[in-house]
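The values are calculated or read from the model by the stated rules, or taken from the named source; none is laboratory data. All of these numbers come straight from a predicted model, not from anything done at the bench. Heads up, the Cβs are rebuilt from the backbone with ideal geometry, glycines too, and the neighbour counts pull from every protein chain shown.
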Amino acid sequence: METPEKKFNQQEAMKVLNETISVAKGNLDDGYFYFVLWGSVIALIYLSRFCLIRLNLQDYSGYTNLLYAVGGIISIIFSRRQDKKPKVNTYIEKWMGYIWIGFGMQLAVAIVCLILLDDISIITPVFLLLIGGATFISGGLIKYKPLILGGVIFIVFAIATFFISAELQNLLACISMIMGNLIPGLMYRQSLRKENV
């Protein structure tokens, strides 16, 4: 008994790809939360550092790192709640995970190397380059233009921060976090609300 062969044309392939992206976007609907959370937390850290330097209190800027722990705890709590929801796992979700895990590993290596080289003055530009790449790829993967633009903004600001003082690096990093993560995250949340109305 012969089984009928179905030809898989380009149009059907695009339909399957778009359906996969739609499922992944549905699973990533709450992903905006991380862009909003970390955009806010890191913008606040950089703004605090900028203000402390302006007030000649830069010796206290290390305390701003405690906000990373607060963001981490909030992320873990949110992630655990999300894990309890039923969902279909897609390759796009796995790729997103690899992108951001890769970002974290690269950032950790860069920070350790810069500390060992005793040149922490370029941590901010390196951070902005790395987060720019991860944001750009994430936006491209889910076909979300504001995140793609956010990635470009991070990279442009990273280039600028290589050539300015630490004080201004903090200010530009704050602005880039708002423009590159926070605003696209809020826009994504707003678009989800419109779809669900």
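Which one of 137, 164, 155 is assigned to a helix (DSSP H, G or I) and either over 10 Å from the mean Cα position of the chain (by Cα) or on the phi > 0 side of the Ramachandran plot (or both)?
Of the residues listed, the single one that is assigned to a helix (DSSP H, G or I) and either over 10 Å from the mean Cα position of the chain (by Cα) or on the phi > 0 side of the Ramachandran plot (or both) is 155.
Could you identify the single residue in 192, 130, 186 that is modelled with pLDDT of 95 or more and either assigned to a helix (DSSP H, G or I) or of a type outside the set (S, T, N, Q) (or both)?
Just one listed residue meets the conditions, 130.
In the stretch 167-178, what residues are surrounded by fewer than 17 Cβ atoms within 10 Å (Cβ to Cβ) and more than 16 Å from the chain's Cα centre (by Cα)?
167, 168
Taking into account only those residues within the stretch 35-51 that are surrounded by fewer than 20 Cβ atoms within 10 Å (Cβ to Cβ) and not hydrophobic (A, V, I, L, M, F, W, C), which is farthest from residue 135 (Cα to Cα)?
Result: 48.
In the stretch 69-115, which residues are touching a residue at least 60 places away in the same chain (Cβ under 8 Å), outside any helix (DSSP H, G or I) and not polar (S, T, N, Q)?
If the condition is that a residue be touching a residue at least 60 places away in the same chain (Cβ under 8 Å), outside any helix (DSSP H, G or I) and not polar (S, T, N, Q), then 87, 88 are the ones that fit.
Tell me, yes or no, whether the stretch 71-84 has at least one residue that is modelled with pLDDT of 70 or more and more than 30 Å from residue 174 (Cβ to Cβ).
Scanning the stretch 71-84 turns up at least one residue that is modelled with pLDDT of 70 or more and more than 30 Å from residue 174 (Cβ to Cβ).
The conditions are (1) modelled with pLDDT of 95 or more; (2) under 21 Å from residue 32 (Cβ atoms), and residue 159 fails exactly one of them. Which is it?
Unmet condition: (2).
Output the residues belonging to the stretch 107-134 that are over 14 Å from the mean Cα position of the chain (by Cα) and surrounded by 15 or more Cβ atoms within 10 Å (Cβ to Cβ).
Answer for the stretch 107-134, where residues must be over 14 Å from the mean Cα position of the chain (by Cα) and surrounded by 15 or more Cβ atoms within 10 Å (Cβ to Cβ): 110, 114, 122, 123, 124, 125, 126.
If you go through the stretch 55-106 one residue at a time, how many are among the hydroxyl-bearing types (Ser, Thr, Tyr), within 16 Å of the chain's Cα centre (by Cα) and within 22 Å of residue 129 (Cα to Cα)?
Residues that pass the stated criteria total 2.
If residue 24 satisfies every condition in (1) buried (at least 16 other Cβ atoms within 10 Å of the Cβ); (2) closer than 23 Å to residue 195 by Cα; (3) modelled with pLDDT of 75 or more but one, which is the exception?
(3)
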